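Structure in structure tokens, see below.
The values are calculated or read from the model by the stated rules, or taken from the named source; none is laboratory data. Owing to the predicted nature of the structure, the values given are computational and were not obtained by experimental measurement. Please note: Cβ atoms are built from the backbone with ideal geometry, for glycine as well, and neighbour counts cover all protein chains shown. Side chains are part of the model used for accessible areas, which takes the heavy atoms of the whole protein and leaves out ligands, DNA and RNA. Shrake-Rupley method; radii C 1.70, N 1.55, O 1.52, S 1.80 Å.
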Amino acid sequence: MLAENLVHFSRILRDAGLAVGPDRVLAAVAAVEAVGLDRREDVRAALSAVMLERHEQQTLFDAAFDAFFRDPKLLEQMMYLLLPKVQGRGEKHTPPRANRLAEALAAAPPKREPPPGNRAAQDEIRFETEFSFSARERLAQADFESMTTAEYEMAKKLAERSPLPVRPVRRRRHEASPRGGALDLRRTLHGMARAPHTLTPAFTRPRSELPPLVVLIDISGSMERYSRLFLHYVHGLTRRHLKVHTFVFGTRLTPITRCLRQRDPDVALNMADQLVHDWKGGTRIAASLDEFNRRWARRVLGGNAALLLVSDGLERDDDGALERSAAQLRRLAHQVVWLNPLLRFAGFEPRAAGIRTLLAHVDRFLPVHNLASLADLAQALRRPALNPSTLLH
């Protein structure tokens with residue numbers, strides 16, 4: 001009976017957005033057996049110790065624990081989570097994941113089937129009004145971290161269709177132009193040789209093509225929800241732009257370009273899951289950038305390639321390794337664009353050592369925390385670049 005309840009409780013946590021696998025369920029059973037069921041707080045502490053990854057998940061876990069194990073004030077707590085709050089100075093911040101908990105605890109409403117004899121009711125055409133324009137606009141502004149499970153699934157589909165973040169560049173080679181341009185004297189003379197009595201001028205224009213794009217994505221625990229959705233965005237880019245090279249890094253660097261070339265996004269990300277072994281772990285930004293510089297940079301950064309670095313930059317740089325790796329990366333890439341979800345905060349200041357180090361070696365510093373930031377990325381990269389190091393002063 002205990003094991004069944006813990007399995008059910010783990011499903012609620014998983015639906016609410018926490019990564020609770022079978023290994024943690026087994027650890028939870030062992031933990032509860034070790035502390036016993038005499039004291040409620042001992043059970044809470046034992047379960048949170050083996051089921052949680054980060055301190056930020058504690059609030060969501062406590063709410064789920066109280067709701068699942070029939071706290072006397074369950075109704076008041078759930079109403080508090082669902083009601084909108086005006087946050088003032090000194091008030092405790094309500095966790096953004098509360099809506100995912102409410103969704104996970106809510107039972108699915110039963111489907112109402114029309115009577116067998118009522119064919120008109122069965123043939124009735126229903127219009128989907130849930131995802132209206134206002135809902136789409138609200139979803140575009142919602143932070144990936146605060147989305148419900150349904151919103152997150154919809155956001156992944158929309159991210160696949162976001163605009164390309166690069167624009168075509170003109171090359172030295174030319175191509176035939178059917179509608180004017182520079183006169184192509186050679187093709188014009190060849191045409192006159194075939195038809196001496198006819199003069200048909202031929203024109204040429206510079207060839208334009210999309211430059212290569214290289215993406216480095218931080219998949220550490222603090223970046224999990226952002227990196228997962230950004231991978232769907234990159235999968236959409238890969239399907240529309242063949243020159244995309246994608247790497248993920250946590251404690252090591254892993255190329256996943258071939259995985260993302262699969263047409264189905266679920267198949268592509270499942271292949272990446274099997275290939276990458278450091279999801280939601282620690283992060284070694286300096287070592288990963290150094291490995292990229294040594295093994296991959298000269299192979300993939302040709303042709304005016306732009307590099308997108310997706311990371312929160314939270315790493316120490318006591319020995320200067322991050323400084324050296326970032327400086328070398330800046331010399332090898334045409335431009336380095338740093339996408340950081342921490343920029344969603346209005347009062348963001350680059351106080352962390354890793355952030356200050358990276359800022360001195362990037363061309364652009366942009367937010368990546370919602371669908372609107374992905375859609376604006378294409379326009380932002382076309383504007384003149386500002387020196388991100390000015391944020392250091």
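Can you give me the solvent accessible area of LYS243 with a 1.4 Å probe, rounded to the nearest 10 Å²?
90 Å²
Tell me, what % of the accessible area of segment 234-335 is carbon and sulfur with a 1.4 angstrom probe?
After summing per-atom areas, the C and S share lands at 46 percent.
Also, quick follow-up: Can you give the Rg/Rh ratio of segment 217-373, where Rg is from the C-alpha atoms and Rh is the Kirkwood radius?
0.93
Rank by packing, highest mean first: peptides 47-53, 138-144, with packing defined as the count of other Cβ atoms within 10 Å averaged across residues.
In decreasing order of mean packing, 47-53, 138-144 become 47-53, 138-144.
Further question: Compute the accessible area per residue over segment 226-330, keeping the other protein chains in place, probe 1.4 Å, unit Å².
45 Å²
Apply 1/(1 + (r/R0)^6) to the Cβ-Cβ distance of ARG295 and ASN5, taking R0 = 41 Å, and write down the FRET efficiency to the nearest 0.05.
0.25
Hey, another quick one. Could you tell me which chymotrypsin sites (Phe, Trp or Tyr not before Pro) in segment 306-374 are loop residues by DSSP with no more than 10 other beta carbons within 10 angstrom of their beta carbon?
PHE345
Okay, moving on. Would you mind getting me the FRET efficiency between ASP62 and ALA360? Use the beta-carbon distance for r and R0 = 25 Å, nearest 0.05.
0.05
OK, next. Once you have the Kirkwood Rh of segment 172-297 from its Cα pairs, apply Stokes-Einstein at 25 °C and 0.890 mPa s and quote D in µm²/s.
Result for D is 138 µm²/s.
Along the positive direction of the dipole of segment 250-377 (beta-carbon charges: Lys, Arg +1; Asp, Glu -1; about the Cα centre), which of GLY320, PRO341, THR257 reaches farthest?
Result: THR257, furthest along the dipole toward the positive end.
Order the peptides 310-320, 183-193 from the highest to the lowest mean number of other Cβ atoms within 10 Å of their residues.
Top to bottom by mean Cβ count within 10 Å: 310-320, 183-193.
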